[in-house]
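First up is the structure itself, then whatever we jot down about it.
The values are calculated or read from the model by the stated rules, or taken from the named source; none is laboratory data. A quick note: this is a predicted structure, and the numbers were derived from the prediction, not measured. Positions of Cβ are generated from backbone atoms using ideal geometry, with glycine treated the same way; all protein chains shown enter the neighbour counts.
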Amino acid sequence: MKLTALQDKNVDELRMLLGVDAKKDLLLKKLSELGMPEIKNEIYRYFDTQSLLEKQYDRIRFVPKKIEESDKIEIVDGIIKTAPKGIRVYYGEYKEVDTAHFDPLYYLGHLLVSSVIIIELDGDVETEILHRFTQPDTLIAYRLVIKNQANRHATVYETFEGAHAEGSLVLYGYDMHIAKDSSLRFLKNQTMHNREYSMIASHKISVQKQANMVYKSFDFGDASALTLLKAELDRFAHIEAGHLLYIAGHAKRGIVSQIIHKDEHTTSHQEAKNILDDNARGIFDALVKVEPSAKYTKAYQNSKSILLAENTYMIAKPQLEIYVDELEASHGATMGQLDKRQLFYLQSRGISQTDARKMLVMAFANTLIEKIKDARHQERIKTSFEAAFHASNKAEEHLPTLLR
Amino acid sequence: MPQKEIDKAVAGEYRIGFQVDIEADTVPPGLDENTICFISAKKNEPEWMRDLRLKAFSKWKTMAEPHWGHVSYPPIGYQAISYFSAPKNPPQSLDEVDPKILEAYEKLGIPLEEQKQLQGIAVDAVFDSVSVKTTYTEELNKHGIIFCSISEAIQKHPELIKKYMHSVVPMNDNFFATLNSAVFTDGTFVYIPKGVRCPMELSTYFRINALNTGQFERTLIVADEDSYVSYNEGCSAPTRDENQLHAAVVELIAMKNAHIKYSTIQNWYPGDETGKGGIYNFVTKRGLCLGDNSKISWTQVETGSAITWKYPGCILKGDNSVGEFYSVAVTTLAQQADTGTKMIHLGKNTSSTIVSKGISAMKGQNTYRGLVKIGAHAQGARNFSQCDSLLIGSECGAHTFPTLECKDSKGYIEHEATTSKISDEQLFYLRQRGISEEDAVSMIVHGFCKEVFSQLPMEYAVEAKALLNLTLEGSVG
Amino acid sequence: MMKIENLKANIGSKEILKGLNLVLEEGKVHAIMGPNGAGKSTLSKAVTGHYEIEITGGDIVYKNRSLLEMSPEERALEGIFLSFQNPVEIPGVNNAYFLRTALNAKRKHEGKKELNAAEFLRLMKEHLESLGMKSDMISRSLNEGFSGGEKKRNEILQMLVLEPDVIILDEIDSGLDIDALRAVSEGINKMKNGKRSFLVITHYSRILDYIKPDYIHVLKEGKIVKTAGPELVAQLEAEGYESIEDENQ
């Protein structure tokens, strides 16, 4: 199917086109109201969705298989393949779809699936989710729901493989419910290569009273993807969001987020580091909204970008929308090249330009990488980062010195 | 707009069809080709100007009112507005000016006579759409400076108007600018010749007076090579219950090595605390740094209007050109302001500075919206932005929506923003030294705005401070 | 001069002062000493009307009036001055402008003529020199970017200019090097005129080598537990606050 067919349609037309029943009319209404992404739509303005939506995709028939036991949760083309012992992973109906999400594709995602993958994290657990995409030129759509338990502390580490999914579009996303007094650390490590899949991920995170959410994304490679994230904070809830972007080639990649402080004493800390090489385009479009009911909020937001090559393009939109006076809020954004004086200093000590650049780029990224508590996860992400660095530097050796 | 009239416009029939009573002083509410021809005829405009207006009008009819701003207001009835009103008996000299008008000016602190004598400021006062008095023209003439109403400039300097009008803000730039292009009634034109440093501050006070007249000024300032001009625009309007639409267009052009400094103090009627009444201020202001090493500085102190929607910007085309934006925007009562700037870097080594201070009190909603764009060929372009918000009270809002785009790896953008309230600790410190709470708040607020006030010419800085106190009166406690 | 009677004060829901009694005599230097958390700073806040403090009992009588109903600025205009432990920074507010406003508020209150800018600057110049302060200090923003020593000198400068009747010095010596300490104490000693009262709040006895106290009051757990002459300092030095028993019990 072609997703552009869904543009400018009313609820009845959408119901027909998507083949869903009237039970989903509320979602259809939201999709119709928000409209399919297009250039005029502010949140998709800098991410070229048109070429992705125009394409004719195959669809996969949803055939659930028997879930085998393994050390991780493995999801292949949206179908659960394995799950570790002690973690409940199953298909189910999701009745708590956010009725006020800003992203139309959040609704499309929910409309395209007949059931969602529910992951229940019982107790203090740590688990890994591997997403594998195997089909070329296919629309791979699925939704996941994560629920943890009150007073418990869980960690989820997420990775992706998509070597055979050339030309596919993945529409996936989570609805996460972070229970009262609990914490969830969610680490995404995603290296995407050109001639693999593209992705639009649309999440909703509800952080309940006194809960603590950590969302860290490490996005590398030269393919395009956009993450859309909405987080809501209940009383005394905290979210820490970190986004490391290191992209090259013709990748367009980044995050569009809304962190909404709904009640008193909520805190948020969002930090993005963007490193762009070749012709890459980076997007950081992040809103922090403090509602009138959210006194004593603390909100901090920062984006720093390094433009390594002549044709890179960075867009930063750090935004504060504040309706209460008892708060502390600040944001900042910078973009520029590597510090020439630092580079020269290192080179004057005999370090090659490539190594000096690597050193500085690493140092820039490290504030996010080194904040990862678990040493094993930190190591894996560091490895991915270095691989991305080498990949983009190898390509560079063919360029004239001037452009380096 | 009925189809019949559109057809008429397209067919060009309106030229023959229009019939207006040019003896009238006020045109009845409504907007069509006839109204535009009336305005044009009333002002004795040449045909080319009337055609430009009609062209703008036909474009405007195809455009939709924008609603992306962080403001809300009931629909504007464009057909309910009267687009022209002139005071009776236009005066030839100051002595002929209606004493009542002079009195009103004095209440606003702009006694023409006194300013003429004491301050060395030439005032081109716009009273209800028509320029009633231009002073100091002789002194300016000596330097070859043209400072006159835009209507006069259309008559006397058509070559300059033809060349530069719409060159920075295109006719179809946006809904309100296009409307202005069709119906503008008067405004100011300034031309500073090559190598001339304008010997005095130029100033215009706008004032909306008659009931239900939209005010559509048009300002065009051209600074030729190596010249300098500082232009001040002050505005105030008396209390009115009806919302009044104000959609001005300001275009600035700075040639090589030229510097234009444009300062605004805006204290139009803000409406009451329920949001009733007040001015809708939907303004398009843009400067073009056309030549190398040119500079345009915008300074604005915005305390009035029910709704403000404006983004004085700079297009930095010349290499090494500089754009500056210093702003204090205060929203109190039920005011809404969505204001900021656009800095478009096109030339090499261009630089821009943005300092925006937003103050929200009572039910005021204050939004900073800015765009900084470094184009792919603007090597070495730099921007620094500082956007701070101060909240006074728990029902107001402060919003910061910057967009930063960099397409040049040698460019550098830095943006910082903070939002806070007046700290209890600061307030207590000042009160412990015997300063009353009200004075302490005013002191802290002035401190917060200092960077911007220091950009204003001295006498305007004093006025701005007084205005700020007046605006915030009663909003604390 | 000032009488504090059975004063009880809370910060938040916590009771800090639990029935404090203290009499400040005219022309005398009173030192309040006590361990951390005893309520020393709370006392200074209670006297000056700080927003955090809720008075739950007792009274502070000053010049035959209760202070409790007075706003912070009224208390200041009546001659109560607090040298803050950590003076807050106020960006953009010019130091000289601030001080002239404060001085003129007081002069107006006392029915005196307000000083114009020139008269004020002359006055400032004198004081700046005596405190060893650079003249550019007064043109900077109030306390902004000041070092610890500069902030304390600035507090003393304000004290000299405002000529208060009761001077409360909250940990005036904290963060001061020896030169600054000397300059600051000279400023304070210059203010002694037989009428002014001083309340020196300190954790350490060092400052008392420079400003000779007439009385030492030991504040423990929200009450004055002992009052004695300057000889008590030596005992506190040697034995600490532990050794002091509540003499009222």
Selected residue (only one of B:K421, B:K410 is surrounded by fewer than 19 Cβ atoms within 10 Å (Cβ to Cβ) and basic (K, R)) | B:K410
Mind checking which residues of segment B:387-442 are among the basic types (K, R) and within 29 Å of the chain's Cα centre (by Cα)?
-> B:K421
Out of C:G175, C:G187, report the one residue that is at pLDDT below 90 and surrounded by fewer than 16 Cβ atoms within 10 Å (Cβ to Cβ).
-> C:G175
Picking from B:T471, B:T403, which residue would you name as being away from chain C (no Cβ under 14 Å), touching a residue at least 24 places away in the same chain (Cβ under 8 Å) and part of a helix (DSSP H, G or I)?
-> B:T471
Selection count where residues are over 13 Å from B:K310 (Cα atoms) and surrounded by 24 or more Cβ atoms within 10 Å (Cβ to Cβ), scope segment B:254-269 = 4
Residue in segment B:145-174 that is surrounded by the fewest Cβ atoms within 10 Å (Cβ to Cβ), counting only those that are modelled with pLDDT of 90 or more and of a type in the set (S, T, Y) = B:S167
Which numbered condition C:A31 fails, given (1) touching a residue at least 24 places away in the same chain (Cβ under 8 Å); (2) surrounded by fewer than 23 Cβ atoms within 10 Å (Cβ to Cβ); (3) assigned to a strand (DSSP E or B) | (2)
For the subset of segment A:356-365 comprising residues that are out of contact with any strand residue (DSSP E or B) (no Cβ under 9 Å at 6 or more places or on another chain) and surrounded by 14 or more Cβ atoms within 10 Å (Cβ to Cβ), which member is farthest from A:H269 (Cα to Cα)?
-> A:A356
Could you tell me whether any residue of segment A:24-43 is closer than 30 Å to B:C406 by Cα, assigned to a helix (DSSP H, G or I) and at pLDDT below 90?
-> yes
Looking at segment A:112-134, which of its residues are β-branched (V, I, T), assigned to a loop (DSSP other than H, G, I, E, B) and more than 20 Å from A:G162 (Cα to Cα)?
-> A:V113, A:V125
Determine which member of the set A:I118, A:I87 is within 20 Å of the chain's Cα centre (by Cα) and not basic (K, R).
-> A:I118
Which ones in segment B:438-468 are in a helix (DSSP H, G or I) and free of Cβ contacts under 8 Å to residues at least 24 places away in the same chain?
-> B:D439, B:A440, B:M443, B:I444, B:H446, B:G447, B:K450, B:M458, B:A461, B:V462, B:K465, B:A466
So, of the residues in segment A:327-361 that are in contact (Cβ under 8 Å) with a residue 12 or more places away in the chain and of a type in the set (K, R), which turns out to be nearest to the other protein chains (Cβ to nearest Cβ)?
-> A:R357
Residue in segment B:336-347 that is surrounded by fewer than 22 Cβ atoms within 10 Å (Cβ to Cβ) and over 19 Å from B:P402 (Cβ atoms) present | yes
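The rows are residues; the columns are (1) over 22 Å from A:H269 (Cα atoms); (2) under 20 Å from the mean Cα position of the chain (by Cα).
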{"position": "A:K317", "(1), (2)": "no, yes"}
{"position": "A:Y323", "(1), (2)": "no, no"}
{"position": "A:H331", "(1), (2)": "no, no"}
{"position": "A:G336", "(1), (2)": "yes, no"}
{"position": "A:S348", "(1), (2)": "yes, no"}
{"position": "A:I381", "(1), (2)": "no, yes"}
{"position": "A:F385", "(1), (2)": "yes, yes"}
Of the residues in segment B:431-445, those that are facing another protein chain (nearest Cβ under 7 Å), closer than 27 Å to A:Y323 by Cα and surrounded by 18 or more Cβ atoms within 10 Å (Cβ to Cβ) come to B:M443, B:I444
Taking B:G411 as the residue in question, decide whether it is more than 11 Å from chain C (Cβ to nearest Cβ), of a type in the set (G, A, S) and in contact with a His (Cβ under 9 Å, 6 or more places away or on another chain).
-> yes
Can you give me the number of residues within segment B:357-385 that are within 20 Å of B:T418 (Cβ to Cβ), in a strand (DSSP E or B) and free of Cβ contacts under 8 Å to residues at least 40 places away in the same chain?
-> 4
Only residues that are assigned to a strand (DSSP E or B), within 7 Å of chain B (Cβ to nearest Cβ) and of a type in the set (A, V, I, L, M, F, W, C): list them for segment A:304-326, please.
-> A:L307, A:M314, A:I315, A:A316, A:L320, A:I322
Which of the residues that make up segment C:218-249 are touching a Pro at 6+ places or on another chain (Cβ under 9 Å) and surrounded by fewer than 12 Cβ atoms within 10 Å (Cβ to Cβ)?
-> C:G229, C:G240, C:E242
Does A:L287 meet the test of being crowded, with 24+ Cβ neighbours inside 10 Å, under 25 Å from A:D219 (Cα atoms), out of contact with any helix residue (DSSP H, G or I) (no Cβ under 7 Å at 6 or more places or on another chain) and within 12 Å of chain B (Cβ to nearest Cβ)?
-> no
Single match in A:E370, A:E379, A:E397 (criterion: of a type in the set (D, E, K, R), modelled with pLDDT of 90 or more and exposed (fewer than 13 other Cβ atoms within 10 Å of the Cβ)) = A:E379
Quick one: count up the residues across segment B:22-79 that are among the β-branched types (V, I, T) and within 30 Å of B:T400 (Cβ to Cβ).
-> 2
Hey, C:P91 assigned to a loop (DSSP other than H, G, I, E, B), surrounded by fewer than 23 Cβ atoms within 10 Å (Cβ to Cβ) and touching an Asp or Glu at 6+ places or on another chain (Cβ under 9 Å) or not = no
Here is a list of conditions, (1) touching a residue at least 40 places away in the same chain (Cβ under 8 Å); (2) in a loop (DSSP other than H, G, I, E, B); (3) under 23 Å from B:P270 (Cα atoms), and B:E395 meets all of them except one; can you say which number that is?
-> (1)
Among what's in segment C:42-100 and is within 13 Å of another protein chain (Cβ to nearest Cβ) and of a type in the set (S, T, Y), pick the residue that is nearest to B:Q432 (Cα to Cα).
-> C:T48
Would you point out the residue of segment C:100-147, among those that are outside any helix (DSSP H, G or I) and charged (D, E, K, R), that is farthest from B:S436 (Cα to Cα)?
-> C:K134
